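The values are calculated or read from the model by the stated rules, or taken from the named source; none is laboratory data. This one's a predicted model, so the numbers in the text were calculated from it and none came from an experiment. Cβ coordinates were reconstructed from backbone atoms using ideal geometry, including for glycine residues, and neighbour counts include every protein chain displayed.
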Amino acid sequence: MAPKVERLTNVESTELGEGPHWDADTQSLYYVDIIGKSIHRYVPATQTYTKAVIDTNKNVSLIIPVRGEKNKFVVTIGRQLVLIDWDGVSKNVSIIKILYEVENDPDSLDNRINDGKCDPSGRIWAGTMGPERELGHFENEKGSLYTFQNGQVKKHLGKIGISNGLAWNAELKKMYYNDTLKGSIYQYDFDIEKGTIGNGKPIFTLEKMDDEIVGADGMTIDTDGNLWVAVFNGSKVIKIDPRKPETLLQTIPIPAKQVTSVAFGGPNLDELYVTSGKFTIDGKILPPPEHGGTYKVTGLNAKGYPGISVVL
């Protein structure tokens, strides 16, 4: 039976939905609207949807619960990682404190953090991207990839175009990473104790489609070790086997062009949630509700892992 793709009809369309995180403790899906500067929560069991706008003129690009702390989350605001309090219901968000700030040099002040998540130990990995003078057009190789832990910031990669999807295979000691502008998905050797990576190499190349460049955006890993990757500008999610370079296993068409990220969720972790955007690039209007919709894909015969919360 073919997978079933459903748009969640009781949630708002996002300008640029991103960063889906399944919280097993509350059985909730959290995600952000980067351009809308808002955080969102969806509870499948009750089909309850709530959102809160953060009072900032900077983009908000991720939301991750704090382990063992009720209603506490780490979000990004521009170049900062910030601790907030949100009950997941109201429209009110309290900013508690700034945890970290990166790229304070004069040449990087217009950069911003884009995507990030926690590795299996609860260590935050997040990367930046260069200025966006016009929606959809970026200064290339201005970003970096960092870890944030115990008050320390460590830079791992530089000259990044758009820092995006992350996933880990703890058993194989591998980390997978997407710089969307590079056109390939990369694999790194990963040391979970030291929080270091090395020996990066491309394992899957995305091809040009419809005279437009597509990019590997957010991704996740299933319990079989396969990667599920959102293809921005490609109207699809792809499943690949990272252990076999250039091996495409499955393609899931999504009714939105700007497919941004994916996360497994649901009571059995067998539902794939997909975020998307609808912002205008070069005058090409993408009408809602399909574009900017949040989707649930079932019938994949695959299971994933819950999101890893932050250890502060």
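Below, the figures for the structure above:
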quantity: Some residue of the range 105-117 being farther than 29 Å from T280 by Cα, modelled with pLDDT under 95 and assigned to a loop (DSSP other than H, G, I, E, B); calculated: yes
quantity: Filter pass, E69 being more than 25 Å from V43 (Cβ to Cβ), part of a loop (DSSP other than H, G, I, E, B) and of a type in the set (D, E); calculated: no
quantity: Test: N92 is modelled with pLDDT under 95 and not hydroxyl-bearing (S, T, Y); calculated: yes
quantity: Residue list for the range 205-254, restricted to those being within 20 Å of the chain's Cα centre (by Cα) and on the phi > 0 side of the Ramachandran plot; calculated: G225, N233, S235
quantity: Count - residues of the range 180-199 that are without any contact (Cβ under 8 Å) to a residue 40 or more places away in the chain and touching an Asp or Glu at 6+ places or on another chain (Cβ under 9 Å); calculated: 4
quantity: Test: residue in the range 141-155 that is assigned to a strand (DSSP E or B), without any contact (Cβ under 8 Å) to a residue 40 or more places away in the chain and touching a Leu at 6+ places or on another chain (Cβ under 6 Å); calculated: yes
quantity: Residue that is assigned to a loop (DSSP other than H, G, I, E, B), of a type outside the set (D, E, K, R) and either within 25 Å of N150 (Cα to Cα) or touching a strand residue (DSSP E or B) at 6+ places or on another chain (Cβ under 7 Å) (or both), where the choices are I84, I96, I35, I64; calculated: I35
quantity: Candidate set from the range 158-170 (those that are of a type in the set (A, V, I, L, M, F, W, C) and out of contact with any Asp or Glu (no Cβ under 8 Å at 6 or more places or on another chain)); member that is surrounded by the most Cβ atoms within 10 Å (Cβ to Cβ); calculated: A167
quantity: Residues within the range 255-269 that are buried (at least 18 other Cβ atoms within 10 Å of the Cβ) and over 16 Å from the mean Cα position of the chain (by Cα), tallied; calculated: 4
quantity: Where I238 falls short, out of the listed (1) without any contact (Cβ under 8 Å) to a residue 40 or more places away in the chain; (2) surrounded by fewer than 20 Cβ atoms within 10 Å (Cβ to Cβ); calculated: (2)
quantity: Residue satisfying condition, being at pLDDT 95 or above and over 19 Å from S61 (Cα atoms), within set E207, E193, E101; calculated: E193
quantity: Test: K278 is touching an Asp or Glu at 6+ places or on another chain (Cβ under 8 Å) and surrounded by fewer than 24 Cβ atoms within 10 Å (Cβ to Cβ); calculated: yes
quantity: Single unsatisfied condition, A126 versus (1) without any contact (Cβ under 8 Å) to a residue 60 or more places away in the chain; (2) surrounded by 14 or more Cβ atoms within 10 Å (Cβ to Cβ); calculated: (1)
quantity: Test: residue in the range 71-94 that is surrounded by 14 or more Cβ atoms within 10 Å (Cβ to Cβ), more than 30 Å from T196 (Cβ to Cβ) and hydrophobic (A, V, I, L, M, F, W, C); calculated: yes
quantity: Some residue of the range 21-29 being under 19 Å from T56 (Cβ atoms), of a type outside the set (V, I, T) and under 17 Å from the mean Cα position of the chain (by Cα); calculated: no
quantity: Condition met for I240 (closer than 29 Å to R123 by Cβ and at pLDDT 95 or above); calculated: yes
quantity: Failed item in (1) touching a Gly at 6+ places or on another chain (Cβ under 9 Å); (2) part of a strand (DSSP E or B); (3) farther than 24 Å from K236 by Cα, with R41 passing the rest; calculated: (3)
quantity: Number of the condition not met by G36 [criteria: (1) modelled with pLDDT of 95 or more; (2) surrounded by fewer than 17 Cβ atoms within 10 Å (Cβ to Cβ); (3) within 19 Å of V82 (Cβ to Cβ)]; calculated: (2)
quantity: Residue within the range 205-216 that is over 24 Å from E290 (Cβ atoms) and hydrophobic (A, V, I, L, M, F, W, C) present; calculated: no
